[in-house]
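Enquirer: Next up is a structure, given as structure tokens.
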Amino acid sequence: MVNPEKNTGTVNFIARDRDGNIATGVSTSGWQWKYPGRLGDSPIIAAGNYADNRYGAAACTGRGEMAIRCATARSVVLYMKMGMRIEAALAEAMVDLQSLDDPYAAGMNIIALDRDGRPAAATNRPGATFIYQSGDMEKYTQQPRMLVPDPRGASGFLA
Ligand code: ASP
């Protein structure tokens, strides 16, 4: 049974075809009890998702106000453009989020794909995972996300 007080369910998706075209998809925000009219980061290109065939792509879940303020998805792609490996780019974007002065700092999660099709993901919530599958794999695999703890202790969805 779904607890309406604890609804989440926003889904991030990144796909890359054999020609190197990359696309992101983010479902509309699954956050419960949103203010009427609140958009969140999900549909905002650069905040909730961003793709550029030349460098890679990223998409976010978590407290959208933070991803909007940091342009988080675009930041990950920009850091890869600047030469960072995908893990370093993700870590840098998580640090950007941590430096925000935000009384509602909360759980943040990012998935990313580099231009060569290498996936990685980051979170500030221990135990979070992500799923990926490439064309030569029979089945998807579920991997742990790189943990970048928030020094403020924020990790719950509404922590
Ligand atoms: N990022 C979404 C928002 O802030 C929430 C979510 O990831 O579920 O609207």
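Enquirer: Return the pair list, or none, for Cβ contacts closer than 6 Å from residues in the range 55-79 that are in contact (Cβ under 8 Å) with a residue 24 or more places away in the chain and within 16 Å of residue 43 (Cβ to Cβ) to residues that are in a helix (DSSP H, G or I) and away from the ligand (no atom under 13 Å from the Cβ), at least 6 apart or on different chains.
Expert: Correct list of pairs: 58/76; 58/77; 72/93.
Enquirer: Moving on. Would you please list the contacts, defined by Cβ atoms under 9 Å and residues six or more apart or on different chains, that run from a residue in the range 32-51 that is closer than 18 Å to residue 107 by Cβ to a residue that is within 11 Å of the ligand (Cβ to nearest atom) and of a type in the set (Asp, Glu)?
Expert: Between residues of the range 32-51 that are closer than 18 Å to residue 107 by Cβ and residues that are within 11 Å of the ligand (Cβ to nearest atom) and of a type in the set (Asp, Glu), the close pairs are 40/65; 41/65; 47/41; 48/41; 49/41.
Enquirer: How many residues are surrounded by 19 or more Cβ atoms within 10 Å (Cβ to Cβ) and within 16 Å of the ligand (Cβ to nearest atom) when one looks only at the range 97-134?
Expert: Count: 15.
Enquirer: Mind listing whichever residues of the range 79-103 are modelled with pLDDT of 95 or more, in a loop (DSSP other than H, G, I, E, B) and within 22 Å of residue 10 (Cα to Cα)?
Expert: none
Enquirer: Same structure, new question: Answer yes or no: is there a residue in the range 15-22 that is within 11 Å of the ligand (Cβ to nearest atom), assigned to a loop (DSSP other than H, G, I, E, B) and either small (Gly, Ala, Ser) or surrounded by 14 or more Cβ atoms within 10 Å (Cβ to Cβ) (or both).
Expert: Checking the range 15-22: not a single residue is within 11 Å of the ligand (Cβ to nearest atom), assigned to a loop (DSSP other than H, G, I, E, B) and either small (Gly, Ala, Ser) or surrounded by 14 or more Cβ atoms within 10 Å (Cβ to Cβ) (or both).
Enquirer: What number of residues in the range 134-155 are without any contact (Cβ under 8 Å) to a residue 40 or more places away in the chain and either hydrophobic (A, V, I, L, M, F, W, C) or in contact with a strand residue (DSSP E or B) (Cβ under 7 Å, 6 or more places away or on another chain) (or both)?
Expert: So the count comes out to 8.
Enquirer: Quick test for you: out of 47, 93, pick the one residue that is over 17 Å from residue 125 (Cα atoms) and not polar (S, T, N, Q).
Expert: Being over 17 Å from residue 125 (Cα atoms) and not polar (S, T, N, Q) holds for just one of 47, 93, which is 47.
Enquirer: Further, regarding this structure: Which numbered condition trips up residue 145, out of (1) crowded, with 19+ Cβ neighbours inside 10 Å; (2) basic (Lys, Arg); (3) modelled with pLDDT under 95?
Expert: Every listed condition holds for residue 145 apart from (3).
Enquirer: So which residues in the range 23-44 are among the polar types (S, T, N, Q) and outside any loop (DSSP other than H, G, I, E, B), if there are any at all?
Expert: 24
Enquirer: Can you work out which of the residues in the range 23-34 that are within 16 Å of the ligand (Cβ to nearest atom) and surrounded by fewer than 19 Cβ atoms within 10 Å (Cβ to Cβ) is nearest to residue 132 (Cα to Cα)?
Expert: Result: 25.
Enquirer: Would you pick out the residues in the range 43-80 that are away from the ligand (no atom under 16 Å from the Cβ) and either on the phi > 0 side of the Ramachandran plot or out of contact with any helix residue (DSSP H, G or I) (no Cβ under 9 Å at 6 or more places or on another chain) (or both)?
Expert: Of everything in the range 43-80, those that are away from the ligand (no atom under 16 Å from the Cβ) and either on the phi > 0 side of the Ramachandran plot or out of contact with any helix residue (DSSP H, G or I) (no Cβ under 9 Å at 6 or more places or on another chain) (or both) turn out to be 53, 56.
Enquirer: Next question, about the same structure. If I ask for residues that are at pLDDT 95 or above and over 15 Å from the mean Cα position of the chain (by Cα), which ones from the range 19-60 would you list?
Expert: Passing the criteria: 19, 20, 21, 22, 52, 53, 54, 55.
Enquirer: Further question: Which one of 106, 67, 47, 120 is part of a loop (DSSP other than H, G, I, E, B) and touching an Asp or Glu at 6+ places or on another chain (Cβ under 6 Å)?
Expert: 47
The values are calculated or read from the model by the stated rules, or taken from the named source; none is laboratory data. Because the structure is a prediction, the values reported are computed rather than measured. Please note: Cβ atoms are built from the backbone with ideal geometry, for glycine as well, and neighbour counts cover all protein chains shown.
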